[in-house]
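Each reported figure results from applying straightforward, stated rules to the coordinates on display, with no laboratory input. Small disclaimer: the values here were computed from a predicted structure and weren't measured. Cβ atoms come from the backbone with ideal geometry, glycine included; neighbour counts cover every protein chain shown.
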Amino acid sequence: MGEDTAKTRLAGVLERIETACRACGRDPAEVTLVAVSKFHDASAVAALAACGQTIFGESYIQEALPKIEAAPAGLSWHFIGHLQRNKAKLAVGRFDLIHTVDNVELAHILQKNAAAQQLTQAVCLQVNVAGEAQKSGVAPEGLDALAEVVAQCPNLRLDGLMVIPPVFDDPEGARPAFARLRELRDALASRLGRPLPTLSMGMSGDLEAAVTEGATHVRVGTDLFGPRI
Ligand SMILES: *Cc1c(COP(=O)(O)O)cnc(C)c1O
């Protein structure tokens, strides 16, 4: 990806976020753009970084770790993929936010390795809002119990919730799932008695609907890097 292309695409996505914010009375500074670089190499990351993008998201540990080494220093990396238990310890301390904690065993592995490294690992809980059989994420009914375990882990910091909604042709189709995630977050925050600021939701096709429903982190791949091969 050339730098002109990167610049144009980044400006386009930032403009969409800004327009969506303006339409619903939000401050665009409340929405963080996570540039999803999976299947794109370190040079594509460098091109976008040269345009000012600092936060990148990856879905596969074995793809991400060498890419992080090869990419410009000083970027912030987020993990947004399904985290297998046998790879979980490799994620600790490498990613500023792990968006996808969805079970107690995984939380315990992250806690143990964060303690060993004497660091605090920020995490979100991924919720399977629509109860889709094939999809990762804790069921809404299991959210409180998982959140209580994570909240008790001294080396994990629970920032909020994340969702990958069902796929729709209509970009507004995912909106009820986004609204539901916000409601679950509000209820959980009041139950835990502390704010859970992060709502990770919205991708290339539906970021406007997500912003309207309160997204703080939108995860955009295709519209920044082009199609994945
Ligand atoms: C790949 C991926 C994205 C980016 O999706 P695009 O439609 O390419 O913007 C966002 N979130 C997650 C969890 C992903 O796996």
MET1, MET162 arranged by Cβ crowding within 10 Å, fewest neighbours leading:
MET1, MET162
Would the chain count as rounded, prolate or oblate if I go by the C-alpha gyration tensor, calling it rounded below 1.5 in a/c and otherwise prolate when a/b exceeds b/c, oblate otherwise?
oblate
With a ≥ b ≥ c the root eigenvalues of the C-alpha gyration tensor of segment 28-83, is it rounded (a/c under 1.5), prolate (a/b larger than b/c) or oblate?
oblate
Can you give the helix-only mean residue ellipticity at 222 nm for the chain, where every DSSP H stretch with n ≥ 4 adds -39500 (n - 2.57) and the sum goes over all residues, rounded to the nearest 500 deg cm²/dmol?
-12500 deg cm²/dmol
Using θ = phi - 60° and the Karplus curve 6.51 cos²θ - 1.76 cosθ + 1.60, what whole-Hz ³J(HN,Hα) does each residue of segment 184-194 get, with Gly and Pro shown as x?
5, 5, 4, 5, 5, 4, 6, 5, 7, x, 7
Whole-Hz Karplus ³J(HN,Hα) for segment 25-40, in order, using 6.51 cos²θ - 1.76 cosθ + 1.60 and θ = phi - 60°, x for Gly and Pro?
x, 9, 7, x, 5, 7, 10, 9, 8, 9, 7, 7, 9, 4, 6, 10
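Counting other beta carbons within 10 Å of each Cβ, put CYS153, CYS51, CYS24 in order, fewest first.
Going from sparsest to densest Cβ surroundings: CYS24, CYS51, CYS153.
Considering only Cα-Cα distances, which of the following residue pairs are longer than 21 Å: LYS7/LYS38; LYS38/LYS112; LYS67/LYS135; LYS112/LYS135?
LYS38/LYS112; LYS67/LYS135; LYS112/LYS135
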Enclosed volume per residue, in Å³, of the convex hull spanned by Cα atoms of segment 38-173
130
Along its three principal axes, how long is segment 57-105 when you only count alpha carbons? Whole Å, largest extent first please.
34, 17, 15
Note, ³J(HN,Hα) from phi for segment 9-17, Karplus 6.51, -1.76, 1.60, rounded to Hz, x at Gly and Pro:
5, 5, 4, x, 5, 5, 5, 5, 4
Two-decimal Rg/Rh of segment 1-51 from alpha-carbon positions, Kirkwood Rh?
1.05
First select every other residue whose beta carbon is under 11 angstrom from the beta carbon of GLU172; then total the charges, Lys and Arg +1, Asp and Glu -1.
-4
Which far-off residues, 5 or more places away or on another chain, put their amide H under 5 Å from the one on GLN126, with H placed in the peptide plane?
VAL101, ASP102, VAL138, MET162
About the Cα centre, charge dipole magnitude for the chain (Lys/Arg +1, Asp/Glu -1 at Cβ), debye:
580
Residues with amide H under 5 Å from that of VAL36, placed H, sequence gap 5 or more
GLY57, VAL220, GLY221
Alpha-carbon centroid distance for the pair segment 1-35 / segment 50-88, whole angstrom:
20
Taking the Cα centre of segment 55-112 as origin, sum charge times position over the Cβ atoms of Lys and Arg (+1) and Asp and Glu (-1), and report the length of that vector in debye to the nearest 20.
180
